[in-house]
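Asker: Just passing along the structure, written as structure tokens.
The values are calculated or read from the model by the stated rules, or taken from the named source; none is laboratory data. Note that the structure is predicted; figures quoted are calculated from it, not measured. In this analysis, Cβ positions are derived from the backbone assuming ideal geometry, glycine residues included, and neighbour counts consider all displayed protein chains. Keep in mind that these areas ignore ligands, DNA and RNA; they rest on the heavy atoms of the full protein, side chains included. Shrake-Rupley method; radii C 1.70, N 1.55, O 1.52, S 1.80 Å.
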Amino acid sequence: MTEAPVRTLLLWCPDWPVLAAELVDGVPATGAVAVLHANRVVACSEAARAEGVRRGLRKREAQGRCPRLTVVDHDPGRDARAFEPVVAAVEELAAGVEVVRPGACALAARGPARYLGGEEAAAERIIEHVAQTCAVESQVGIADGVFAAGLAARDGRVVPPGGTPGFLAGLPVEALGRPALADLLRRLGVRTLGGFAALPAGDVLARFGFDGALAHRLAAGRDHRPLAVRRPPADLAVTADHDEPIDRVDAAAFAARALAERLHDRLAAHGLACTRLGIEAVTADGQELHRVWRHDGLLTAAAVADRVRWQLDGWLTGSAGRPGARPTRPTAGIIRLRLVPDGVLARADLQPGLWGETGEERERAHRALSRVQGLLGPEAVVTAVLGGGRSPNDQVRLVPWGDERLPARPGEPTGPARGGGLAGPARVGEPIGPARPGGLAGPVRAGGAGGPGGADRSGGPARGGAASSGRGTSPPWPGRLPPPSPAVVLPAPLAATVHDAAGEPVGVSARLQLTATPARLAVGAARPVEIVGWAGPWPVDERWWSPAEARRRARFQVCLADGAALLLAVESGQWLVEAIYD
């Protein structure tokens, strides 16, 4: 029998990175402000959103939409320090507060609801107290489980007990916070959390793996914490006593790193990893400080050290910013620091290698990359994950170091060329016809069928006439380009024009036939360059069953007289340069 999720109250401060920049650095949050990380917007103010700025935009595009935009660098430590007075204010009314992330904290709703006159009264009381104490606006959501409470906080909503599944059912799958899974579900026709929750749990686990099964539990309104979580024994906690009270942030950071290494080594000896960390401190005059940090994944030693450093920094520096905020700096230095692994999971990846322990070179590389992430953020170190797709830019996904390496799209990223040769460029002026021994890729047959998968509509399984793989099954991505892959994939395609020998524009008919033989190519405003070889077209007819999302285009490989080799696409009569071959 599945245990019912805990009734949870979650306090959320909108646009917290922007507000933290105002509290710490004095950047007015009422103006157009954007917080950037890795040259992309991670948070923006209400005034910036009114000008069209959105999360995920590049810096140049955001400034183009809002010329008066104030840009602030993302600083997780600043966000955590500024959020500490808010958490302390919530703790004055309720016990057992857990920091989900800077800007959001959660606690069990039962206690405050009983002694504050009900759930709605408790939410109003906490919001008012935070506003009066810290001069910070916030919203509260109450639902069954942390995930649903976080979504309810976006609308300041109290979901009735037992109504969480109905509340989640109408939300889009993007609410799961898993872009790759949401994209796959939409391509499979599942657009809401209710539709995802209606799928059989066993089939979801078999198709999407453990992370998909966890997301399925969220969509169904069940608690997101795995059932394997248990309270660790007391001997897993680590404590450090200091003769000289710690009252400086640099000294606290040094102590935090050493203590985090001890905790990580102790957990590793038991085959465990931390998912929720309790940080306790005692000052020289007996004041006790306590905070709980939550993490969805497994906290490494570097991640533990970062959270301890952020928490100590928040305690030692106190509140800063708006007048009237209550100072939280301890009355004396810290003489005792204790780390308690409040939530642990059994680690399955602590098994030694086939020929002994993991090599020291790999461990040093992991430490170096993790340190760079600790200094610059998790997005500073990314690795490429190959997957499926029909275009080169669809087959590569960059994921932060340490995250689960799941492809954005299923299917083998590369495979044997189907339907033709792969050696060199097409001969000059060679028309579309049978397979060419020296062609860049596969043949193009009469009537427009060509390339891997022929002229089959690539949104579904290959139909009659489609080429098959060596195992006798249809290729997973009909219409996909054969190898080799381009060396450079342009982030935005470049407009181009293609003309024949007489200077007339070249087009592609509805039956995928060229109107003339390509002779010259001009990219943008550059001078035309002679085409010495070409191959194609490879048709792609995606999502033909949905008129609003349908996309139809044909791709070509061309070799130019200056030695360049390009991947072209023609869509709605417009030629585009998508990628460059080495």
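Asker: For region 508-529, name all the residues that are among the small types (Gly, Ala, Ser) and either surrounded by 14 or more Cβ atoms within 10 Å (Cβ to Cβ) or over 41 Å from the mean Cα position of the chain (by Cα) (or both).
Answerer: 516, 519, 522
Asker: Using the structure shown, decide if residue 547 is surrounded by fewer than 16 Cβ atoms within 10 Å (Cβ to Cβ), without any contact (Cβ under 8 Å) to a residue 60 or more places away in the chain and within 30 Å of residue 191 (Cβ to Cβ).
Answerer: Numbers: surrounded by fewer than 16 Cβ atoms within 10 Å (Cβ to Cβ): yes; without any contact (Cβ under 8 Å) to a residue 60 or more places away in the chain: yes; within 30 Å of residue 191 (Cβ to Cβ): yes.
The answer is yes for residue 547.
Asker: Answer with yes or no whether residue 114 is under 23 Å from the mean Cα position of the chain (by Cα), modelled with pLDDT under 95 and open to solvent by 40 Å² or more (accessible area, probe 1.4 Å). Talk me through it step by step, then tell me what you get.
Answerer: Working: under 23 Å from the mean Cα position of the chain (by Cα): no; modelled with pLDDT under 95: yes; open to solvent by 40 Å² or more (accessible area, probe 1.4 Å): yes.
In short, no.
Asker: Going by the conditions given, is residue 47 within 17 Å of the chain's Cα centre (by Cα), among the aliphatic types (A, V, I, L, M) and open to solvent by 20 Å² or more (accessible area, probe 1.4 Å)?
Answerer: On the way: within 17 Å of the chain's Cα centre (by Cα): no; among the aliphatic types (A, V, I, L, M): yes; open to solvent by 20 Å² or more (accessible area, probe 1.4 Å): yes.
Answer is no for this residue.
Asker: Being basic (Lys, Arg), open to solvent by 70 Å² or more (accessible area, probe 1.4 Å) and in a helix (DSSP H, G or I) is the filter here, so list the residues in region 187-227 that pass it.
Answerer: 187, 207 - these are the residues of region 187-227 that are basic (Lys, Arg), open to solvent by 70 Å² or more (accessible area, probe 1.4 Å) and in a helix (DSSP H, G or I).
Asker: Turning to a different aspect of this structure: Residue check: is residue 50 more than 25 Å from residue 317 (Cα to Cα), among the aliphatic types (A, V, I, L, M) and out of contact with any helix residue (DSSP H, G or I) (no Cβ under 8 Å at 6 or more places or on another chain)? Spell out how you get there, then give the answer.
Answerer: Values: more than 25 Å from residue 317 (Cα to Cα): yes; among the aliphatic types (A, V, I, L, M): yes; out of contact with any helix residue (DSSP H, G or I) (no Cβ under 8 Å at 6 or more places or on another chain): yes.
Spelling it out, residue 50 is indeed more than 25 Å from residue 317 (Cα to Cα), among the aliphatic types (A, V, I, L, M) and out of contact with any helix residue (DSSP H, G or I) (no Cβ under 8 Å at 6 or more places or on another chain).
Asker: The conditions are (1) open to solvent by less than 50 Å² (accessible area, probe 1.4 Å); (2) within 23 Å of residue 484 (Cα to Cα); (3) of a type outside the set (Asp, Glu), and residue 580 fails exactly one of them. Which is it?
Answerer: Residue 580 satisfies every listed condition except (1).
Asker: Quick one: count up the residues across region 133-166 that are farther than 14 Å from residue 106 by Cα, hydrophobic (A, V, I, L, M, F, W, C) and open to solvent by less than 20 Å² (accessible area, probe 1.4 Å).
Answerer: Counting residues in region 133-166 that are farther than 14 Å from residue 106 by Cα, hydrophobic (A, V, I, L, M, F, W, C) and open to solvent by less than 20 Å² (accessible area, probe 1.4 Å) gives 3.
Asker: Going by the structure shown, is residue 42 at pLDDT 90 or above, in contact with a Pro (Cβ under 8 Å, 6 or more places away or on another chain) and over 19 Å from residue 133 (Cα atoms)? If you could, list the steps in order and put the result at the bottom.
Answerer: On the way: at pLDDT 90 or above: yes; in contact with a Pro (Cβ under 8 Å, 6 or more places away or on another chain): yes; over 19 Å from residue 133 (Cα atoms): yes.
Taking the combined requirement at face value, the residue satisfies it.
Asker: Criterion first (open to solvent by less than 10 Å² (accessible area, probe 1.4 Å), touching a Pro at 6+ places or on another chain (Cβ under 9 Å) and at pLDDT below 90) does residue 103 satisfy it?
Answerer: No: the conditions fail for residue 103.
Asker: Now for a different question. When residues of region 373-413 are filtered for being modelled with pLDDT of 65 or more and either of a type in the set (D, E, K, R) or not in a loop (DSSP other than H, G, I, E, B) (or both), how many remain? Please lay out each step first, then the result.
Answerer: Just the residues of region 373-413 that are modelled with pLDDT of 65 or more, to begin with: 376, 379-401, 405-411.
Among the residues that remain, those that are also either of a type in the set (D, E, K, R) or not in a loop (DSSP other than H, G, I, E, B) (or both) are: 376, 379-380, 382-386, 390, 392-394, 396-400, 405, 409.
Selection size over region 373-413: 19.
Asker: Can you go through 260, 268 and tell me which one is over 20 Å from residue 87 (Cα atoms), surrounded by fewer than 17 Cβ atoms within 10 Å (Cβ to Cβ) and of a type in the set (A, V, I, L, M)?
Answerer: On the way: 260 fails: surrounded by fewer than 17 Cβ atoms within 10 Å (Cβ to Cβ).
That would be 268, the only listed residue that is over 20 Å from residue 87 (Cα atoms), surrounded by fewer than 17 Cβ atoms within 10 Å (Cβ to Cβ) and of a type in the set (A, V, I, L, M).
Asker: Could I ask something else about it? Pick from 124, 120, 137, 128: which is in a loop (DSSP other than H, G, I, E, B) and farther than 14 Å from residue 6 by Cα? Steps first, answer last, please.
Answerer: On the way: 124 fails: in a loop (DSSP other than H, G, I, E, B); 120 fails: in a loop (DSSP other than H, G, I, E, B); 128 fails: in a loop (DSSP other than H, G, I, E, B).
The unique qualifying residue is 137.
Asker: Going through 103, 56, 52 one at a time, which residue ends up being touching a Cys at 6+ places or on another chain (Cβ under 8 Å) and more than 26 Å from residue 134 (Cβ to Cβ)? I'd like the intermediate steps shown before the answer.
Answerer: On the way: 103 fails: more than 26 Å from residue 134 (Cβ to Cβ); 56 fails: touching a Cys at 6+ places or on another chain (Cβ under 8 Å).
Going through 103, 56, 52 in turn, just one is touching a Cys at 6+ places or on another chain (Cβ under 8 Å) and more than 26 Å from residue 134 (Cβ to Cβ): 52.
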